[in-house]
Amino acid sequence: QWNFNENGEIIHGAAEHNYKDGVCSDCGDVQSKTVTYAYDSANACYYVTGVSSQTETELYIRSTYNDGTNGEHEVKYVKWGAFQGNTTITKVVLPSSITDLYGNVFFGCTQLTYVSMTGITTLNASNGEISGGRWGDNNFRDCVNLTMVIVSNNFSSNCGQFGAGTVPETPALDFYVY
């Protein structure tokens with residue numbers, strides 16, 4: 001596909017995409033094709049349920065989604081255990097529309113090195129009970145290669161998120177505030 005301006009001049013060709021929040025603004029191509037989404041009718045939003053295969057190493061989550069039935073809505077959270085045990089993922093970029101991780105999201109993603117989660121402000125425990133599908137903690141447990149996490153300037157947590165059963169010899173997790 002080629003895009004032209006009002007004068008007929010080429011402004012974009014098929015050789016490159018202009019991705020914003022996981023979707024090319026020029027042609028609509030989805031950057032991460034294996035991410036799966038589901039509709040939450042109670043909250044009129046979508047959420048991330050996981051990946052359909054473990055082939056992609058970098059995941060760019062969309063800020064909005066349209067399943068063709070429920071219309072276009074924001075993607076607001078990542079469900080409990082969505083990527084748990086995935087040993088392929090190395091990088092995940094969550095849009096600012098995602099404001100919650102429901103617990104165990106990346107538990108055991110041993111190759112994960114980079115996460116951007118600028119919409120997350122609070123990760124709190126749920127007193128040991130899953131409430132409405134939400135647990136709250138252990139989102140990054142056993143992510144032993146995680147080195148960079150980008151968080152909101154309002155980020156806080158009152159529970160274990162980054163612990164590991166086996167600690168690397170030289171821990172090197174850096175937090176950056178967006």
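With a cut-off of 13 Å between beta carbons, the residues surrounding Cys27 carry a summed charge of -2, where Lys and Arg count +1 and Asp and Glu -1. A protection proxy built from the mean count of other Cβ atoms within 10 Å ranks the segments 104-114, 64-74, most packed first, as 104-114, 64-74. Less than 14 Å Cβ to Cβ from Met148, Lys/Arg counted +1 and Asp/Glu -1: what total charge do the surrounding residues give? Value of the local net charge: -1.
For segment 30-160, the solvent-accessible area works out to 43 Å² per residue, with a probe of 1.4 Å and every protein chain left in place.
The values are calculated or read from the model by the stated rules, or taken from the named source; none is laboratory data. If you're wondering where the values come from, they're calculated on a predicted model, not measured in any experiment. Glycine gets a Cβ as well: all are built from the backbone with ideal geometry, and neighbour counts include every protein chain shown. With ligands, DNA and RNA removed, areas are computed over all heavy atoms of the protein, side chains included. Shrake-Rupley method; radii C 1.70, N 1.55, O 1.52, S 1.80 Å.
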